[in-house]
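Data block below; observations after.
The values are calculated or read from the model by the stated rules, or taken from the named source; none is laboratory data. Being a predicted model, the structure only gives us computed values, none of them experimental. Note that we place each Cβ from the backbone using ideal geometry, even for glycine, and neighbour counts take in every protein chain shown. In case anyone asks, the SASA skips ligands and DNA or RNA and just uses the protein heavy atoms, side chains included. Shrake-Rupley method; radii C 1.70, N 1.55, O 1.52, S 1.80 Å.
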Amino acid sequence: MDGQQAVHVPVMCTRIVELLSVPLQAPGATYVDCTLGLGGHAEAVLTACPQARLIGIDRDRHALDAAAARLAPFGDRVVLFQARYDELPEVLAEAERPAVQAILADLGLSSMQIDRTERGFAYRADAPLDMRMDDTQPLTAAELLNTADVPELTRILRRFGEERFADRIARRIVAERATEPFTGSARLVRVIEQAIPAAARASGGGHPAKRTFQALRIAVNDELTALAGLLPAAIDALAPGGRLAVLAYHSGEDRLVKNALREAATDRAPRGLPEVPAALRARLVLLTRGAERPDTDEVQVNPRAASARLRAAERINEVAA
């Protein structure tokens, strides 16, 4: 195992395997990892479910290369695709797997993305303001910072970072870039710190740049749009008895997941009907009560797991045509 794999600790891995292994015991069962990353969850699931095959998806070609090496011992049980996870229908069509038994989406950054300084995701080291999960796409964090106006930057920081000083930070960024465009993360961190009142910086709540960097990353990679596309596609792709698990790391992601699963787990027929038509019946049964969280022991070993929220559901019927 190389250094990257050694530091990669998949979040809530035991619970993920417990949830997803139930429908993966039959020969030919298919497991889809929509956010393959370095392959930690995939390795654990394939080990626990020797009959299962994996379709691994990631938009980051560097992560796919690392995962391919890690999963090589599983041979032809593994097929990998570079794609955004909302392209799930196209991937499944290419793989000739219209219905699958288990799907996982771990919406967090991989250890490689965080730890490779040149990727620009981390705010604790000076690096180019990149933040692209797919480094072939044109939009970088620097491009966004240097072109968006104050209202747009404010909207991004509020919606994706829940930053209460969004307007102050946006105005300071636009003023500073008039002197010199932003290229590196250290200067952006200084500008954010200057924009936030001293009392707020001293009150705790984590690094003052954390929410801004999160918001920029989500905007650059269009993550919430992709997630909104993934969730209905994943539910559609589940065979009866198939299971979907999603790990979210901030409230915007978790809200989308919660609402999508709750809606699909609710009958859509008007009240008072003596029998609910098949086309209006719930498609899922929820497997988690609310969002499950990692326990204290896991967070101590892997602090990056602290904000994780896990929700899971099982497909219970096919909708009539």
Folded to 0 to 90 degrees: helix 210-221 orientation relative to the chain principal axis, Cα: 60 degrees
Estimated distance in nm for a label pair at residue 280 and residue 194, the labels positioned 7 Å out from Cα along Cα-to-Cβ: 6.1 nm
Cα-centre dipole for the chain with unit charges at Cβ (Lys and Arg positive, Asp and Glu negative), debye to 20: 1060 debye
Helix-only CD estimate at 222 nm, as mean residue ellipticity for the chain, using -39500 (n - 2.57) per DSSP H run (n ≥ 4): -12500 deg cm²/dmol
³J(HN,Hα), Karplus 6.51/-1.76/1.60, whole Hz, each residue of the stretch 94-101, x for Gly, Pro: 5, 7, 6, 10, x, 9, 10, 9
Using alpha-carbon coordinates, inclination of helix 185-195 to the longest axis of the chain, degrees: 70 degrees
Residues whose placed amide H lies under 5 Å from that of residue 29, excluding near-sequence neighbours: 53
The stretch 37-86 - charge dipole about Cα centre, Lys and Arg +1 at Cβ, Asp and Glu -1, debye rounded to 20: 60 debye
Surface accessible to a 1.4 Å probe, per residue, for the residues of the chain, Å²: 46 Å²
For the stretch 276-293, Karplus couplings with θ = phi - 60° (6.51, -1.76, 1.60), whole Hz, Gly/Pro x: 7, x, 4, 5, 10, 6, 4, 9, 10, 10, 6, 9, 10, 8, x, 9, 7, 10
Cα long-axis angle, helix 251-264 against the chain (0 to 90 degrees, to the nearest 10): 20 degrees
Farthest toward positive dipole pole in the chain [+1 Lys/Arg, -1 Asp/Glu at C-beta], among 308, 57, 198: 198
Trypsin sites (Lys or Arg not before Pro) within the stretch 146-184, DSSP loop, no more than 16 other Cβ atoms inside 10 Å: 164
The chain: antiparallel DSSP beta bridges as a percent of all, rounded to 5: 40 percent
Segment residue 93-residue 22, length gained on full extension (0.36 nm per residue, minus Cα span): 23.1 nm
Rounded if a/c under 1.5, otherwise prolate or oblate - the chain, Cα gyration tensor axes: prolate
Cα lying deepest toward the dipole's positive end in the chain, options 277, 67, 89, charges on Cβ: 277
Sulfur and carbon atoms: percent of accessible area, the chain [1.4 Å]: 51 percent
Estimated inter-spin distance, residue 159 and residue 48, nm [label 7 Å along Cα→Cβ]: 3.6 nm
Karplus 3J(HN,Hα) series, Hz, for the stretch 26-41 with 6.51 cos²θ - 1.76 cosθ + 1.60 (x for Gly, Pro): 6, x, x, 4, 10, 10, 10, 9, 6, 9, 4, x, 8, x, x, 5
